[in-house]
Amino acid sequence: MTELHCYEELDKYFQGKVLLVCGGSIKFLRINEYFENKKNVVEFHDFISNPLYESVVKGVDLFRKEKCTAIIAVGGGSAIDVAKCIKLYSNMDDSINYLTQEIIPNDIPLIAVPTTAGTGSEATRYAVIYYNGEKQSIADVSCIPTAVLLDDSVLETLPEYQKKATLMDAFCQSIESFWSINSTKESKGYSKEAINIIMNNYEDYLDGDNSKNKLILKAANISGKAINITQTTAGHAMSYKLTSLYNIAHGHAVALCISKIWPFMVNHIDQCIDCRGIEYLNETFGEIAESMGCKTSKDAIEKFESMLFKFGLEAPKNVRDEDYDVLKKSVNPVRLKNNPVLLTAENIDDIYHEILRG
């Protein structure tokens, strides 16, 4: 992946029409001026947060109809995920559901300009869309963007709640990648770097110090590089239904999950399923704590919980008894396999009860 340093470097991708995948917020960003001066831009914004398969199909149809030759995504994880799927599906059979077909790699340029510092989607081979109300995880190396442009000015207009939620998403991704059973020396290096950047700069960033925007954007990008190697774990697996059920931001939901999963794992380390063993996992928990500037895992967990409290990222209040069964059944067992400590259905139910009790 190439990192671009200014908008003018996007010019080389305008050999033909460019499909611009973006949300409505682009009109408030400086990059909008760049696109307004381009004649061969086809804008696509017919999608929502937690984007639908049907929206991707519309995007593919537009890409083909306008005979576009490149895709530029400007936005958060949803915009980038939609753009990734449009790229993947653009040369596939439109008479058959794209989700059922084998992905055939193509060389259509895809450039990502993230406008939130959270998902790190611009650095991963993953995308998430929804089909018939069910989350679909798309994974293929050919959807990793060709290039990325990290423009820190995009964070200046990000609402406070979104700044907090997306920051926690990047933070949680880094932590999950750190303890994932798929972690490597390289992925741990990314996780440690992202955690260090976040811990050293998040207070100033949230206080409105725009000089920290570039660093937080970089941390999110690095967290994406980490999970591109390891994938996420139980925190993300348990978060998705919280997001849709209670209409809270993804990063908010993940942080609530991590706040309860982390102490559970430390207290039940005898249920370790990482082949590298309990001692290795203990060392990993220690490395995470050290990255956060803490001496012990207990200290790190307390610091994490204090951040949640300080950010005002509370547990949902409108909880019904029947929600727990819905939540428990929503958890993807494949993602749980990446978790270093075994979580049974009973454990998951208990953790959800802890989360929603606040």
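The values are calculated or read from the model by the stated rules, or taken from the named source; none is laboratory data. Just so it is clear, the model here is predicted, and its values are computed rather than measured. Neighbour counts run over all protein chains shown; Cβ positions are idealised from the backbone, glycine included. Note: accessible area is taken over every heavy atom of the protein model, side chains too, but ligands, DNA and RNA are not part of it. Shrake-Rupley method; radii C 1.70, N 1.55, O 1.52, S 1.80 Å.
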With a ≥ b ≥ c the root eigenvalues of the C-alpha gyration tensor of segment 183-338, is it rounded (a/c under 1.5), prolate (a/b larger than b/c) or oblate?
oblate
Cα centroid distance between segment 203-247 and segment 288-333, in Å?
14
Can you tell me the dipole magnitude for the chain around its Cα centre, using point charges on the Cβ only (Lys, Arg +1; Asp, Glu -1), in Debye to the nearest 20?
380
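Which links in LYS164/LYS241; LYS241/LYS310; LYS87/LYS212; LYS38/LYS65 stretch past 28 Å when you go from one Cα to the other?
LYS87/LYS212
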From highest to lowest solvent-accessible area (probe 1.4 Å; ligands, DNA and RNA excluded), ASP274, ASP61 read ASP61, ASP274
Loop only by DSSP, 13 or fewer other Cβ within 10 Å of the Cβ. Give me the chymotrypsin sites (Phe, Trp or Tyr not before Pro) in segment 164-243 that pass, ordered by residue number.
none
From Cα pairs below 8 angstrom and at least 6 apart in sequence, can you work out the relative contact order of the chain, rounded to a whole percent?
15
In segment 42-104, what trypsin sites (Lys or Arg not before Pro) fall in a loop by DSSP, with at most 12 other Cβ atoms inside 10 Å?
LYS67
Could you look at segment 1-154 and say what percent of its accessible area is carbon and sulfur, using a 1.4 Å probe and all protein chains?
49
What order do you get for 90-97, 331-338 when each peptide is scored by the mean count of other beta carbon atoms within 10 Å, highest first?
331-338, 90-97
By how many nm would the segment from ASP11 to ILE96 grow when fully extended, if each residue of separation counts as 0.36 nm and the alpha-carbon distance is taken off?
27.1 nm
Extreme residue, positive dipole direction of the chain, given options ILE108, CYS22, GLN271 (C-beta unit charges):
ILE108
Packing-ranked peptide list from 112-122, 153-163, highest mean Cβ count within 10 angstrom first, is 112-122, 153-163
DSSP loop (so not H, G, I, E, B), at most 10 other Cβ within 10 Å: list which chymotrypsin sites (Phe, Trp or Tyr not before Pro) in segment 264-318 pass both filters.
none
What are the lysines whose alpha-carbon lies under 23 Å from the alpha-carbon of LYS185, with same-chain residues fewer than 8 places away excluded?
LYS218, LYS225, LYS295, LYS337
